Structure formats: C-alpha cells, structure tokens
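In what follows, a structure is listed as structure tokens, so that the remarks can point back to it.
Read the figures in this text as sums done on the coordinates, not as results from a lab. No experiment lies behind these values; they were computed from the predicted model shown. Neighbour counts are summed over all protein chains in view; Cβ atoms, including those assigned to glycine, are modelled from backbone coordinates with ideal geometry.
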Amino acid sequence: MGSMPISEQKLTKPTFPAGANSLDYAQSLDQKDHLREFRSKFILPSKGNIKSKAVSTPENGDPCIYFCGNSLGLQPRAVAEYLQIHLNTWATVGVNGHFRKMEKSPLIQWQLLAEQAAEQSAPIVGAKPGEVGVMGTLTMNLHLLMASFYTPTKEKNKIILDWKAFPSDHFAIESQIRGHGFDPKEAMVMISPEEGSYEVSTEKILSIIDEHASTTALLLLPGIQYYTGQYFDMKTITAYAQSKGLIVGWDLAHAAGNVPVQLHDWNVDFAVWCTYKYMNAGPGAIAGFYVHERHGKVEYVDDKPIFRHRLSGWYGGDQVGRMNMENNFRPSPGASGYQVSNPSAVDLASLLAALSVFNATSMPAIREKSVYLTAYLEHLLLASPNTSAFTIITPSDIEARGTQLSILLKPGIIDILFEMLETEGIVADKRRPDVIRVAPVPLYNTYEEVWRFVQIFEKALAEFEGQ
Ligand SMILES: Cc1ncc(COP(=O)(O)O)c(C=O)c1O
C-alpha cells in the first residue's frame, strides 16, 4: 500500500489468485485484515442464540454468520455501557442531566446530546459538523426536509425518483405531491433500468433529468438502491441536476456507514439516513439528516431572522432562546436549526455508542476492506460450478456498489437455500420471489465467513440441480 494515506488512495478492483477458493486462503486474508480487532467490539449472536424463541443472554458459543447488516447492524458492545451511563445519570441527577455535563461520562448534557451525535456523524457522510442533525426517523425526516426543499409551482412540481423506490420513500413523495394539490400520476417521474437489466446507467438518469428539467422541482434518489445494491454516481448526478435548476436530495439508508459519500464536496442540498443498518445504533434508532451549509444560514435584518423555510419546533431554536420560552423563532444556524423536538436521550446514547466504534477507525479504512470483502464474495460465487442458476444483479464495478451483493436465483432455489442457511446459522436477507441480499460488513465480518457462506450456497444449488 506504500505510505499514501488510505483516504487518498483510489481503490481498484481486487483480483484473486488461483487458490483463492480454499479455506486457508480466506484465513490468510483475515490475518492481514487491518480492521480485524473491530469484530470483538460487537456482540456476535451464537448459532444457538440466533434461533432462540425466548429471551436469553448472549452466549459465547460458535457465532452465527451475520450478513444482514444492510437491514439491521449487530450490537456494538459499547451500547450497553453507554445506556447504563445514561440510565445512571438520569437516576442520580434527574432533570439536572439536561444541563449538567457529568464527569467520567462519554455523553454530554442531554440538551446538547443531539449536537454531539451530529458532530460525530458528520465525517461518516462527508459533511461539515454544522451540516448534520440527528432526530426522529428516516421517513419523518424525509417529510420534514421535503416540507422545506420541495416547493412546487404550477410549472415545476415533479419529483424524479427511482423505479423501485423503497415503499416508505415512495409513499412520502406521493403524499407530499398530493398535499400540494398535484397528481402523483403526473408528478412522479420514475427512472427505471433498461428492459432486462437491473442497473440504471448514469447516462439514463441524466437524460431523464434533461427530459423533465423544466417541469421538475426535486430529484430524490437513494445513494445505494436497497434492492439491487447499486451505488449511484451521486457527484455527477447532483451536479447535473443542480445545473438544470433542480434541488437534489439523497436517501442514504443503505449508504451511510457503508460507502464514503462526500455530501459537502458534492454540494448535495439535503440527505437523510437511518442509523440501524451499517451504523449499528439499534432497531428504529434515531436517524440522521444533512442540509448544505447554504441552507442553514441565519441572517438578521433589524433583529429579524432570515432563513430557509422549514417546519419548526423549539429544538430548532437557538439554545439560549430555547429555555426563555419566547415565541419568536430564532433558529440555530446550520442543521440544528432544522431540529424539532427534545430528542430521546436513550436513543442518542445508543447512537453515540455506535459512533464510538466508527470514531476508532475511518470511512476510507472501512471502504478499503469492504471493497475487498465483497469482491472476494463475488469471486467465489462466480467460480462456483453452478453459475447458470443465479445472476448477481449488483454492478460488478466497485465504484457502483457498497458491501451488498443482490443475487437473483432461478425460481425454486430460494427456499432450499434459506433452509440450509438457517440450519447452518447463516443470516442473509430474502426479497421474494427470488432475490437474496448478502452484505458482508467490514467492521464485523470475516473472509472465512464469506468462504463458508459460499460453501452452503453451492450445496443448495447442487441439491436444486440434482432434484
Ligand atoms: C431506502 C430506505 N428508505 C426508507 C426506509 C424507512 O426507514 P424508516 O422506517 O426508518 O423511516 C428504509 C428502511 O429500511 C430504507 O431502506
């Protein structure tokens, strides 16, 4: 690797030698893994635990193989510690915890806890600290930000989205359009891949932007498409759409903590993400959002604040005014001025615990392993004897994907495969009828696990072919 910092290295697609499909080779990659000590920062459910139907304590048995971080990330060990600290603070100082920074605690006063989490989230999405906020949940934040960023007119009211938008995004967009008195059938422009393909080319996206630019208000796409795993060229698409007068928002549910997006440098207008997938803050945990610094500006003219319209609440007000109970809204500058309510400190403690793991490494380091780990999975899959039984629908270009590979199986295989995976204690994700999503996560998965998964995958295909 030489002496160049990881953040400046351009990653190339790894190639693997002839003997790469041996267990020894997989284990040799694990030995060289620069993130290998991170696995012990997570609780890995055992094969017994993952099948249990009653609450039990985590056991130290043979760990399951967990490839489902694209859906819910594993629990960092720090979560229990941070939650206990928070509970002790609440139990001992009660309401004083709002303003008191407790010594020996990694958490600051509840009043500023969301800002602490936002500041620590900013490097993960390539934002300046003041451009990130933490509140609510992804879909709620999408609604809140669309209330500010989707400002349709009679002439320009369309929203461009992807053909298979996550249902919650689709519903949010549809309802926003309706709420403004427009017809979703006319105003929702869906970009789809060419017939028979799953990948949407950047050229296609730019041509749809061209076609609808004069009637479109907003472009809202996923950084990584949840079904296919395609990572869109966010930089090019953002610049192009903005040059045609569109506002650009991104749903980073599958991108945050997975790929090193650069929201500020790419000049993105706004973005939202959840923290329960690659960011490991727990099911339904508090979410993140970004607004470019130009949208967070607050200027005063004759002591009257001038700022971008948003749906406001008292936590968006500046911290001094907030507790004076005055009814003139003076927003905090930056993303924190888009906050609405007093956020859940339990939730924030959990997120801050998860962020403490990220803070011990960096997105470029995570990305470097991720590219390798997923390429290894792809390599083993494509070297298997039954490649005619499946198609990897995630792009093979490393620049156009994150950790996840989506595998489209021949009809009839999925049930055989999932029965075998369950028996072996391997967790992946089905999207009926025939797609499985497999996400080896660089912080806690190993090359050996990838190798073991492919063994079972091949066994399932062989059983299917032999039927
Ligand atoms: C791409 C995408 N958008 C939106 C959501 C919905 O998120 P939430 O339920 O946290 O609002 C998800 C959830 O998995 C998602 O994957």
| On a 0 to 90 degree scale, rounded to 10, what angle separates helix 345-359 from the longest Cα axis of the chain? | 60
| field | Cα long-axis angle, helix 202-212 against the chain (0 to 90 degrees, to the nearest 10) | value | 40
| query | Which ³J(HN,Hα) values in Hz, rounded to whole numbers, follow from the phi angles of segment 446-462 under the Karplus curve 6.51 cos²θ - 1.76 cosθ + 1.60, where θ = phi - 60° and Gly and Pro get x? | reply | 10, 5, 4, 5, 4, 4, 5, 4, 5, 4, 5, 4, 5, 4, 5, 5, 5
| task | For segment 93-357, give the share of DSSP beta bridges that are antiparallel, in percent and rounded to the nearest 5; count only bridges with both residues there. | result | 45
| message | Under 10 °C and 1.306 mPa s, how fast does segment 93-357 diffuse according to Stokes-Einstein, given a Kirkwood radius computed over C-alpha pairs? Answer in µm²/s, whole number. | response | 83
| note | One finds the C-alpha centres of segment 338-372 and segment 214-232 to be spaced, in Å, by 23
| At 222 nm, what helix-only mean residue ellipticity would the chain give, in deg cm²/dmol to the nearest 500, using -39500 (n - 2.57) for each DSSP H run of four or more? | -10500 deg cm²/dmol
| query | What order, most packed first, do the peptides 405-415, 45-55, 251-261 have when packing is the mean number of other Cβ atoms within 10 Å of each residue? | reply | 251-261, 405-415, 45-55
| ³J(HN,Hα) computed for each position of segment 158-169 - Karplus, 6.51 cos²θ - 1.76 cosθ + 1.60, integer Hz, glycine/proline x | 7, 10, 8, 9, 8, 5, 10, 4, 3, x, 4, 5
| query | Amide H of ILE191: which non-local residues (sequence gap of 5 or more, or other chain) have their own amide H closer than 5 Å, using H built in the peptide plane? | reply | LEU161, ASP162, TRP163
| request: Considering the options GLY249, ALA335, CYS274, tell which one lies farthest towards the positive end of the dipole of the chain, charges being +1 on Lys and Arg and -1 on Asp and Glu at the Cβ, about the Cα centre. | output: ALA335
| field | C-alpha long axis of helix 110-121 to longest principal axis of the chain, angle in ° | value | 50
| Dividing the Cα convex hull volume of segment 27-71 by residue count, how many Å³ per residue is that? | 106
| request: Kindly put MET325, MET135, MET140 in sequence by how many other C-beta atoms sit within 10 Å of each C-beta, fewest to most. | output: MET325, MET140, MET135
| message | Which residue, PHE38, PRO433, LEU380, has the largest displacement toward the positive end of the dipole of the chain when charges sit on each Cβ (Lys, Arg +1; Asp, Glu -1)? | response | PHE38
| request: Calculate the dipole size of the chain relative to its Cα centre from +1 charges on Lys and Arg beta carbons and -1 charges on Asp and Glu beta carbons; express the result in debye to the nearest 20. | output: 860
| field | Distance in nm between pseudo-label sites at GLU422 and ALA239 (7 Å out along the Cβ direction from Cα) | value | 4.9
| Mean shadow of segment 73-191, computed from the convex hull of its alpha carbons, in nm²? | 10.6
| How many percent of the alpha carbon pairs in the chain exceed a separation of 30 Å? | 48
| message | I'd like to know which of ALA26, LEU219, PRO305 lies farthest towards the positive end of the charge dipole of the chain, counting +1 on Cβ of Lys and Arg and -1 on Cβ of Asp and Glu. | response | PRO305
| Qualifying GluC sites (Glu not before Pro) for segment 103-165 [loop in DSSP, other Cβ within 10 Å: at most 11] | GLU103, GLU155
| request: Rounded to the nearest 0.05, what FRET efficiency do ALA360 and ALA80 give with R0 = 30 Å and r taken as the Cβ-Cβ distance? Could you check? | output: 0.95
| task | Using packing as a proxy for protection, rank 329-339, 91-101, 205-215 so that the peptide with the highest average count of other Cβ atoms within 10 Å comes first. | result | 329-339, 205-215, 91-101
| query | Counting DSSP beta bridges with both partners in the chain, what percentage is antiparallel, nearest 5? | reply | 60
| field | Kirkwood Rh in Å, taken over all unlike Cα pairs in segment 1-137 | value | 19.5
| query | So how strong a dipole does segment 93-357 carry about its Cα centre when Lys and Arg Cβ are +1 and Asp and Glu Cβ are -1, to the nearest 20 debye? | reply | 620
| query | Hey, how many Å between the Cα centroid of segment 7-40 and the Cα centroid of segment 436-467? | reply | 17
| Residues whose placed amide H lies under 5 Å from that of ARG401, excluding near-sequence neighbours | TYR231
